[in-house]
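Throughout, read-outs are computed from the coordinates displayed, never taken from laboratory work. Since this is a predicted model, take the numbers as computed values, not measurements. Using ideal geometry, Cβ is built from the backbone for each residue, glycine included, and neighbour counts are taken over all protein chains shown.
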């Protein structure tokens with residue numbers, strides 16, 4: 001047993017820290033279209049991006065007025081998954097709802 005006979009093994013601590021880069025972030029962008037109902041866009045934003053009714057409505061209105069709106073920023077895999085799932089929700093309902101992903105500058 002360690003401590004009784006003085007045979008305690010001490011592992012040397014390595015001081016070199018590996019360089020860890022933060023993962024690059026990606027914006028999920030909602031593109032406006034003239035066909036997808038506003039209520040449907042709000043529902044998708046709430047479901048896929050966990051937004052409140054108010055947040056989702058603001059994002060939808062911004063996209064409506066400006067043509068596009070950044071929805072959220074995630075790591076690449078998460079951004080692509082959420083954008084695909086949100087776009088697919090529109091397709092499944094017969095709407096041209098579109099979300100894209102761009103690298104964050």
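Could you give the angle, 0 to 90 degrees to the nearest 10, between helix 53-66's Cα long axis and the longest principal axis of the Cα atoms of the chain? Roughly 60 degrees, rounded to the nearest 10. Between residue 52 and residue 93, the FRET efficiency estimated from the beta carbon spacing at R0 = 22 angstrom works out to 0.50.
As a length-normalised measure over Cα pairs under 8 Å and 6 or more apart, the relative contact order of the chain settles at 39 percent.
With neighbour counts taken as other beta-carbon atoms within 10 Å, the residues 41, 59 rank, fewest first, as 59, 41.
Taking each DSSP H run with n ≥ 4 as -39500 (n - 2.57) and averaging over every residue of the chain yields -13500 deg cm²/dmol at 222 nm. Test of understanding: in a Gaussian network model of the chain with alpha carbons linked when under 10 Å, which of 33, 88, 54 would top the mean-square fluctuation ranking? In the Gaussian network model the winner is 54. Between the labelled values (1) 90, 24, 21; (2) 79, 29, 24; (3) 38, 33, 18, the entry that holds Cα extents along the principal axes in Å as derived from this structure is (2). Of the residues 65, 43, 85, the one that moves most in a GNM of the chain with alpha-carbon contacts below 10 Å is 65. Tell me the angle of helix 38-49 to the major Cα principal axis of the chain, expressed in degrees between 0 and 90 and rounded to the nearest ten. It works out to around 10 degrees.
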